[in-house]
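One structure is given below, encoded as structure tokens.
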Amino acid sequence: MKFQFTPFHQLFAIAYLAFAAPSLAFAQEGYKISVSIEGYREPKLTLGYYFGKDTYLKDTVPMQADGSYVFSGKEALSPGVYVIFLTPEKVAFDVLVPEKAQHFSIKTSRQVPHQNIKFTGSTENELFYQYLGYLNVKSVEADTLKARQKRAPEVGKAAFQKKLEGLDTEVMAFLKDFTSKNAGTFAAQIASQSLPADNPEFKGSETEIQEQRWRYARAHHFDRCALTDGKMMRSPNLVRKVDEYVNQLTVQHPDSIIQSIEWVLGQVKGQKETFEYFARHFLQNYLDPKYIGQDAIFVHLMDKYFTPGTIELPAETKTKLVDHANKLRPVLIGRTVANIPLQRRDGSNFNLYDVDAELTLLFFWDFDCGNCKQYTPFLKDFYEKYKTQGVKIVAVCHRDAKEFANCWKYVDENGTSGFIQACDPYRRYLKQFPINSTPQVFVLNRKKEIVSKQIPKEKLDEVIGGLLKVKG
């Protein structure tokens with residue numbers, strides 16, 4: 001079931017509601033949260049909580065005789081950000097559950113539960129809603145200024161930009177004052193996530209300063225949102241911070257990304273739920289990676305944590321993912337390909353290693369493939385530009401022997417006989433290359449190592465030119 005959250009939830013993006021959740025346990029006295037909602041007379045009310053990016057259901061309680069709802073238990077709740085869900089409106093609002101003081105009451109209204117909300121026995125939530133209320137007011141002001149700036153003539157836009165910058169300065173001043181005055185509280189810890197890093201003054205050339213800033217940002221990225229703080233795992237902030245560390249503060253090379261992922265997992269290895277959550281989170285992120293070569297990260301995670309069963313997966317899911325990893329492993333960037341046997345149009349045989357080239361473009365295609373037909377003109381133009389620079393194209397028709405005649409017909413009609421056209425009646429190349437669809441492109445260096453793959457047709461010139469430049 002999806003819920004429409006109040007404006008405050010713009011701060012806390014939620015992926016989905018799940019009903020199978022990690023256990024909640026914290027060695028402390030029990031909890032009791034009483035909720036009274038004016039105008040709300042539904043038979044039940046639900047309490048949920050954040051864990052990573054997701055929201056899980058903790059408890060659903062019936063309405064009491066006096067119209068209130070009481071969530072209670074003998075064991076304390078794990079501290080974090082919790083959510084109270086109203087139905088059938090599918091509206092929700094957040095409450096903080098600190099390590100202590102888990103006995104408190106809430107009074108609010110059905111239509112706008114986040115406004116005029118009152119807490120008794122919870123200073124943390126009073127502070128939390130002071131913070132949220134301020135941000136909500138300033139957010140409305142900012143949206144109004146942006147709308148007016150958009151409608152203003154060009155000569156008047158600068159004035160609105162100056163006002164927006166002043167508003168930003170005002171918000172930052174509030175946050176610094178709020179976190180300073182309320183240091184040590186969960187509310188201040190949440191608010192501190194909105195503050196920029198306190199960068200020291202760096203010296204040197206512009207390049208040196210940028211390098212120092214980057215290293216400082218990496219080293220201090222989790223100062224205000226500790227990986228090992230269970231409260232932050234039960235808020236929407238920690239996963240965002242981790243993704244920023246991996247995606248923005250890490251060089252986007254598979255080896256560097258793997259190193260950062262391993263560092264994150266190493267920090268939380270003593271916290272089973274958090275460790276397994278992040279391992280699955282990374283696995284999902286790189287199952288269908290955005291960039292070429294990042295499939296190596298998926299294979300690494302499978303080989304280290306999921307295939308051996310260190311982290312369990314449902315049997316059917318595991319089988320599919322293991323199979324996927326096994327198909328990817330032989331064609332990861334950096335792997336040396338097999339010396340696959342091939343056959344020319346005239347029936348003569350040759351091996352891939354017989355091709356003498358600085359770069360070999362191994363192109364698997366099909367005469368009946370629409371995408372191949374779109375790729376071919378780009379490939380022809382590319383070849384004309386680079387054929388004198390040590391680049392050769394080995395084009396393998398991905399068809400059975402009985403259909404080779406159609407392959408050669410396509411070659412003649414499209415004028416690609418200048419490529420090294422090949423086939424294999426036994427399709428032995430499938431032992432290394434998982435050709436589930438066409439076209440498939442692999443770029444090999446002189447050692448027949450994969451240096452790039454799956455290049456979009458529009459990027460051929462850029463990628464190959466860059467590889468030749470690096471080599472030169």
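Nothing in this text is a laboratory measurement; each read-out follows from the coordinates by a stated rule. What you see is a predicted model, and the numbers here were worked out from it, not measured in a lab. Every residue, glycine as well, gets a Cβ built from its backbone with ideal geometry; the counts of neighbours run over all protein chains shown.
Odds and ends about this structure:
- Integer Hz, Karplus 6.51/-1.76/1.60 couplings in order for the stretch 358-375, x for Gly and Pro: 5, 9, 10, 8, 8, 10, 9, 9, 9, 5, 9, 9, x, 5, 5, 5, 6, 6
- A full extension of the chain between E201 and M63 corresponds to an added length of 43.9 nm, given 0.36 nm per residue minus the alpha carbon distance.
- Using a Förster distance of 22 Å, the FRET efficiency for D243-A219 (Cβ separation, nearest 0.05): 0.80
- Across the stretch 129-194, the mean sequence separation of Cα contacts (distance under 8 Å, 6 or more residues apart), normalised by length, yields a relative contact order of 29 percent.
- With Cα atoms, 0 to 90° folded angle of helix 237-247 axis to the chain main axis: 20 degrees
- Residues N116 and A183, FRET efficiency given R0 of 25 Å [Cβ-Cβ distance, rounded to 0.05]: 0.35
- Length-normalised contact order for the chain - Cα pairs under 8 Å, 6+ apart - percent: 10 percent
- For chymotrypsin sites (Phe, Trp or Tyr not before Pro), the sites in the stretch 209-297 that DSSP calls loop and that have at most 12 other Cβ atoms within 10 Å are Y291.
- The angle between the Cα long axis of helix 272-285 and the longest principal axis of the Cα atoms of the chain comes to about 40 degrees, rounded to the nearest 10.
- Read-out log10 I(q)/I(0) by the Debye sum over Cα atoms at q = 0.08, 0.12, 0.14 Å⁻¹, derived from the coordinates shown; its label in (1) -0.70, -1.09, -1.26; (2) -0.46, -1.13, -1.58; (3) -0.83, -1.18, -1.22: (1)
- Proximal lysines to K58, defined as alpha-carbon separation beneath 20 angstrom and excluding residues fewer than eight positions away on the same chain: K2, K32, K44, K74, K90, K100, K231, K272
- Using a cutoff of 8 angstrom between alpha carbon atoms and counting only pairs six or more residues apart, the relative contact order for the stretch 225-287 works out to 27 percent.
- Packing around the peptides 397-409, 136-148, taken as the average count of other Cβ atoms within 10 Å per residue, puts them in this order, highest first: 397-409, 136-148.
- All other residues whose Cβ lies under 11 angstrom from that of A76 are scored, Lys and Arg at +1 and Asp and Glu at -1, for a net of 0.
- Tilt relative to the chain, helix 315-328 - C-alpha long axis, 0 to 90 degrees, to 10: 40 degrees
- Value of [θ]222 nm, deg cm²/dmol, for the chain, DSSP H segments ≥ 4, -39500 (n - 2.57) each, nearest 500: -12000 deg cm²/dmol
- Modelled FRET efficiency - R0 51 Å, R329 with S139, Cβ distances, 0.05 increments: 0.60
- Distant-in-sequence amide H partners of K58 (H built 1.01 Å from N, under 5 Å): L47, G48, Y49
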